[in-house]
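Q: Provided herewith is a single structure, encoded as structure tokens, for subsequent inquiry.
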Amino acid sequence: TDGLSLDLNPCFTPDGKQVVFSSNRGGRRLNIWSLWTSGTGGITSLASGDTTDLYPCVDETRHLYYQVLVDNRPDPRIFQNELGKNVPTDLIEHGGMRPQVNAAADTLLFVAVNPKTGKREIFKRSLKDELTTNLTNAPDSDNFDPAWSPSGDRIAFVSDRGVDLLGRHNLDVWI
């Protein structure tokens with residue numbers, strides 16, 4: 001990128017030919033952009049509007065998933081958009097953040113805040129039947145930043161469920 005804009009949250013497309021990222025190059029808001037890793041073709045806007053768009057990821061079927069902050073909504077949203085089309089779909093009824101799609105392109109991991117405790121929980125959502133499951137289900141701990149294993153059978157995530165020798169909760173990576 002050019003160093004003149006704020007460019008964040010890079011993600012390769014599954015074929016490795018493009019990098020998708022958040023940038024304010026189109027105005028005062030962060031939106032989703034892509035560029036070819038070959039250096040040709042310029043930079044293309046993938047999602048634009050009066051929202052702040054973060055944490056993009058792309059699946060094998062060329063669907064883009066990203067977190068959206070909308071001014072009149074208190075909760076972050078997760079949108080899906082087919083690359084090349086600007087027709088976003090809001091996927092999660094009660095909001096969510098930091099989407100991560102698996103290699104099979106059939107399941108999405110995301111994080112949502114438990115409204116009773118203020119702690120984050122990790123969820124998975126089937127992109128086929130739209131069934132959502134709380135994976136951590138631990139209202140007393142903060143769980144976030146999920147990442148799929150290459151095979152898609154496990155996730156790594158950050159949690160404060162562990163305690164040190166003094167009984168203090170600390171952040172560790174869990175599988």
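The values are calculated or read from the model by the stated rules, or taken from the named source; none is laboratory data. Only a predicted model underlies this, so the values are computations on that prediction, with no experimental measurement involved. Here Cβ is always computed from backbone atoms with ideal geometry, including for glycine, and neighbour counts include all displayed protein chains. Please note that ligands, DNA and RNA were not included when accessible areas were found on the heavy atoms of the full protein model with its side chains. Shrake-Rupley method; radii C 1.70, N 1.55, O 1.52, S 1.80 Å.
Q: Would you mind computing, in nm to one decimal, how far apart the modelled labels at D106 and S38 are, each placed 7 Å from Cα along Cα→Cβ?
A: 3.3 nm
Q: With no solvent and one point on each alpha carbon, what is the Debye value of log10 I(q)/I(0) for the range 28-89 at q = 0.29 Å⁻¹?
A: Here log10 of I(q) over I(0) equals -1.34.
Q: What figure, in Å² to the nearest 10, do you get for the accessible area of E130 with a 1.4 Å probe and non-protein molecules left out?
A: 120 Å²
Q: Counting only heavy atoms of the protein chains, get the accessible area per residue of the chain (1.4 Å probe) and round it to a whole Å² value.
A: Each residue of the chain exposes 56 Å² on average to a 1.4 Å probe.
Q: For an R0 of 35 angstrom, estimate the FRET efficiency from the Cβ-Cβ distance between D164 and D2 and round to the nearest 0.05.
A: After rounding to 0.05, the efficiency reads 0.20.
Q: Could you tell me what percent of the accessible area of the chain is made up of carbon and sulfur, with a 1.4 Å probe and every protein chain present?
A: 52 percent
Q: Another question, if that's okay. Given a cut-off of under 8 Å on Cα pairs at least six residues apart, what relative contact order in percent is computed for the chain?
A: Relative contact order of the chain: 11 percent.
Q: For the range 61-143, max minus min Cα coordinate along each principal axis, in Å, sorted largest first?
A: Rounded to whole Å, the extents work out to 41, 32, 17 Å.
Q: Could you sort S38, S5, S45 by accessible area so the largest value comes first, with the probe set to 1.4 Å?
A: Final ranking, largest accessible area leading: S38, S45, S5.
Q: Could you state the number of Å between the C-alpha centres of the range 143-165 and the range 65-113?
A: 20 Å
Q: Here's a follow-up. Evaluate the relative contact order of the range 1-45 (contact order divided by residue number), counting alpha-carbon pairs under 8 angstrom at least 6 apart; express in whole percent.
A: Contact order relative to length: 27 percent.
Q: Also, I was wondering about something else. Report, largest value first, the span of the C-alpha coordinates of the range 1-52 along each principal axis, in whole Å.
A: Largest to smallest, the principal-axis extents are 30, 21, 17 Å.
Q: Out of every Cα-Cα pair in the range 59-106, what percent are more than 18 Å apart?
A: 29 percent
Q: Please list 3J(HN,Hα) in residue order for the range 149-156, calculated via the Karplus relation 6.51 cos²θ - 1.76 cosθ + 1.60 where θ = phi - 60°; whole Hz, with x for glycine and proline.
A: Couplings: 6, x, 7, x, 9, 9, 10, 9 Hz.
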